[in-house]
Amino acid sequence: MFDVFALALPSLLAVGGIAAMIWAVVRLRRLRSAWRSGLTAHAVCLRSYATTRTRRNGMHRSSSTTLTHLYEFATPEGQTLRFEESGGPSSVVPGDTVPVRYPAGRPDRATAIPPGDTKTLVGTGVLLAFLTVFITACVGFGVFYLTVFSGLKDKAEDVIERSEDGVNAPARTPGTPSRPAPPSMPALPTGPPDDFPTGPPEGFPTDLPTGFPSGFPGGR
């Protein structure tokens, strides 16, 4: 279960990074297609708004503001379109008229960013470089986990199993040499010895006097 989670998280992050990279490349290609098409129209800025994103990294906090404009323009065929675009110049305010460019037959891909805008090109390049490093780190973590960490985990589990087998060792199978039994302790006596004398020894006088001796000299 832990292996699935440890590999699923970096995989999802890598997929998200690849999707963001594809989006950045597609957006840059659409901008270049609009710049090279040569079809232009005059668009009116209807409104603009700023979006601020705050990122926290421990005690540090950073914020970035993105400016978005809403434009409206009409094609030579009389079709009126509106589109929102981020990253435009901050000098454009509602009511201003700006030129927009779009590929032939695709007015829905119009852009008000001027051709060869340095800010857009540099921002896209930095984003692609960051995503490349991010995806490489995710893939590297997965490879490290499979080659190094997973091997160490298997060895640790093997050591634990061997220690458990040593504690709960099975009975000795026939044919395996047995260890010599430890020397047995001498048995302690449980009573008196069998040849312990129970009476007087042989030759011991048995006719002992039973009273005081007589014949003592009398007193003076």
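Residues of region 105-143 that are surrounded by 14 or more Cβ atoms within 10 Å (Cβ to Cβ) and basic (K, R): R109 alone. Can you pull out the residues in region 51-85 that are part of a loop (DSSP other than H, G, I, E, B) and either within 29 Å of the chain's Cα centre (by Cα) or of a type in the set (V, I, T) (or both)? Answer for region 51-85, where residues must be part of a loop (DSSP other than H, G, I, E, B) and either within 29 Å of the chain's Cα centre (by Cα) or of a type in the set (V, I, T) (or both): G58, M59, T75.
Cβ-Cβ under 6 Å, sequence separation 6+ or interchain: first residue in region 1-30 and part of a helix (DSSP H, G or I), partner among the aromatic types (F, W, Y). Which pairs? Correct list of pairs: A6/Y145; P10/F141; G17/F134. Figure legend. Inter-residue proximity from region 68-88: first residues closer than 12 Å to P107 by Cα, second residues of a type in the set (V, I, T) and loosely packed, with under 14 Cβ neighbours inside 10 Å, beta-carbon distance below 8 Å, spacing 6+ or different chains. Indicated pairs: E72/T80; F73/T80; A74/T80; L81/T75.
Looking across region 86-110, the residues that are more than 17 Å from A34 (Cβ to Cβ) and either of a type outside the set (V, I, T) or not in a loop (DSSP other than H, G, I, E, B) (or both) come down to S90, S91, P94, G95, D96, T97.
Read-outs: derived from the displayed coordinates by stated rules, not from any lab. Note that the structure is predicted; figures quoted are calculated from it, not measured. As a convention, Cβ positions derive from the backbone with ideal geometry for all residues, glycine included, and neighbour counts pool all protein chains shown.
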